[in-house]
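Notes to accompany the following structure.
The values are calculated or read from the model by the stated rules, or taken from the named source; none is laboratory data. None of the values given here were measured: they were computed from a predicted structure. Note that we place each Cβ from the backbone using ideal geometry, even for glycine, and neighbour counts take in every protein chain shown. What goes into the accessible areas is simple: the full protein's heavy atoms, side chains included, and nothing from ligands, DNA or RNA. Shrake-Rupley method; radii C 1.70, N 1.55, O 1.52, S 1.80 Å.
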Amino acid sequence: MCQPHPARSWIWAAVLLVAGAGSALADDQPFLTLYTTDIDSQYEKEIEQSFSWATQKPRQAFNGWVSRTEFEYGVTDDLQLSGYVNYEWERSRPHPPSQPDGTFHAVSASGEIIYRLLNPYFDPIGFALYLEPTFGDNIREIEGKLLFQKNFLNDTLRLAGNINFEQAWEREGGQWKEGSAIEFFAGAAYNVTPEFSVGAEFNNENDLEGLFGSAHLTRNAYYLGPTISYIASPFVIRLGVQFQMPWATDHTADPGVLANGYLADAERTRVSLRISMDLP
């Protein structure tokens, strides 16, 4: 009997999520890869379902899916707590077939704390602190972020920036491997109408071997692409595409890490979809 494709199951979950939504409207977050300092107000509740599809790696047929189901709650106007369930699925087929096909899947859970220190609607700039631990069978991870936001043109133009610090322990072949990353995210979003916004997001991802304090930079990659956000009560839908830029660098001197300026082991294209809504 044929088994359902993992990604298809999560797509159906999103359809059911939208169909069962109430009449409330989700808070407007116009980006997919970075955070603004716009968080839920006190006692507000929100649920989100997001999907990311990664593809196009040199010398292989690669498809990777990441799905995240999130529940958010505003403890105060400046403190938001969230919980996630994450699902990852990957399949790769080398060209030529010198190695066997690879399939990977993992389930993990994450928590999230955002504490806003400065509000962009009352202060010169928005600033918040973010902390996210993740726990799964083959992964332990802790991620911290510095969130910045600045609004212009009566809040119709929003600029945002994130600095991410990540430490991870991943189990491969029964052995735990340590790694860390520093990432710089930037985005701009403009409200064409109250319901529709267009924007762009830029990511610089730097991988390090080892944990902070003894880690050293191994490689980095850059991504850039457009994002659109549409509010249609009772839900908000966001769609974005990012493309790897040919600016990657490698500090390991390992052969085959770079291919025409691209990081060979990183996907060339990422597509993300997120559906969210407020709960009564």
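Figures for the structure shown
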{"read-out": "Segments classed as strands (runs of 3 or more DSSP E), wholly inside the stretch 32-127, with at least 1 members that are open to solvent by 60 Å² or more (accessible area, probe 1.4 Å), in contact (Cβ under 8 Å) with a residue 60 or more places away in the chain and in contact with a helix residue (DSSP H, G or I) (Cβ under 8 Å, 6 or more places away or on another chain)", "value": "45-57, 102-118"}
{"read-out": "Set 256, 199, 213: member being under 28 Å from residue 63 (Cβ atoms), assigned to a loop (DSSP other than H, G, I, E, B) and of a type in the set (Gly, Ala, Ser)", "value": "256"}
{"read-out": "Verdict on residue 280 being over 25 Å from residue 72 (Cα atoms) and open to solvent by 50 Å² or more (accessible area, probe 1.4 Å)", "value": "no"}
{"read-out": "Breaking point among (1) part of a strand (DSSP E or B); (2) surrounded by fewer than 14 Cβ atoms within 10 Å (Cβ to Cβ), for residue 189", "value": "(2)"}
{"read-out": "From 19, 13, 54, 26, residue being at pLDDT below 95 and more than 20 Å from the chain's Cα centre (by Cα)", "value": "19"}
{"read-out": "Hits in the stretch 194-231 - residues which are out of contact with any Phe, Trp or Tyr (no Cβ under 9 Å at 6 or more places or on another chain) and open to solvent by 50 Å² or more (accessible area, probe 1.4 Å)", "value": "194, 207, 209, 213, 214, 216, 217, 219, 226"}
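Table: residues versus (1) of a type outside the set (Asp, Glu); (2) assigned to a loop (DSSP other than H, G, I, E, B); (3) under 19 Å from the mean Cα position of the chain (by Cα).
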| site | (1), (2), (3) |
| --- | --- |
| 134 | yes, no, yes |
| 143 | no, no, yes |
| 146 | yes, no, yes |
| 151 | yes, no, no |
| 154 | yes, yes, no |
| 162 | yes, no, yes |
| 166 | no, no, yes |
| 176 | yes, no, no |
| 180 | yes, no, yes |
